[in-house]
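For reference, the structure is listed below as structure tokens.
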Amino acid sequence: MNTNQVAKFLGVSASTIQRWVKQLELPMERNERGHYHFNNEDIDLLKNIQTQIQNGTLLQEIAPVQEKKIRKGTVKSIESNAELERLYSIVSDLEAKVNSKADSVASYQLLQHRREIEELQTEVKDLTKQVESLKSQLHEITKTTLPDKPIVLEQGKLNRKKKKFVSSLFGFLG
């Protein structure tokens, strides 16, 4: 019987059966896929464990089975080296395809980056030319608007006269 059949027979879950086997280190047989395979002796042992647990015994207090059965299992061997060689050939082909694809992707990305860098360099050159042109225009504008002689304001004298007039009017206060 398999784990699910035994669990249904005993009225517990399959994970309970698996927990009992693991925690009590029960020597159960396994099939080629690693699943437990229970014979009549194993089922009687599990019934006994279930009875002890129902009577209040903790799982940790149940003594593990001392005798270990010889584990039986089957290992499938490769029928021939031809099958192994065929699989190796398939894996090698896949690796070659993956490497080729990776190389082509890397090359494409490299070319794309190169184009972007060239576009940026062209744009920087254009901007540099524009800045130089603007500098020369600014220089021409400042050269034509600034006279050679400094500007002297003659209104300074008028301000002094107004100040003297105002202070003479209010001079009696001070």
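For the reader, a short list of remarks on this structure follows.
- Subset of segment 1-23 (residues that are closer than 14 Å to residue 34 by Cβ and in a helix (DSSP H, G or I)): 3, 18, 21, 22
- Residue list for segment 64-98, filter: open to solvent by less than 80 Å² (accessible area, probe 1.4 Å) and either of a type in the set (A, V, I, L, M, F, W, C) or modelled with pLDDT under 65 (or both): 64, 65, 69, 73, 82, 90, 91, 96
- Pair list, Cβ < 7 Å and 6+ apart or interchain, from segment 46-62 residues that are of a type outside the set (Val, Ile, Thr) to residues that are open to solvent by 100 Å² or more (accessible area, probe 1.4 Å): 59/23
- Test for residue 56: is it outside any helix (DSSP H, G or I), more than 45 Å from the chain's Cα centre (by Cα) and exposed (fewer than 12 other Cβ atoms within 10 Å of the Cβ): yes
- Among the residues making up segment 1-39, those that are within 39 Å of the chain's Cα centre (by Cα), under 22 Å from residue 63 (Cα atoms) and open to solvent by 90 Å² or more (accessible area, probe 1.4 Å) are 19, 22, 23.
- Verdict on residue 135 being part of a helix (DSSP H, G or I) and either surrounded by 10 or more Cβ atoms within 10 Å (Cβ to Cβ) or at pLDDT below 95 (or both): yes
The values are calculated or read from the model by the stated rules, or taken from the named source; none is laboratory data. These numbers were taken from a predicted model, which means no experiment stands behind them. We place every Cβ from the backbone using ideal geometry, glycine too, and count neighbours over all the protein chains shown. Please note that ligands, DNA and RNA were not included when accessible areas were found on the heavy atoms of the full protein model with its side chains. Shrake-Rupley method; radii C 1.70, N 1.55, O 1.52, S 1.80 Å.
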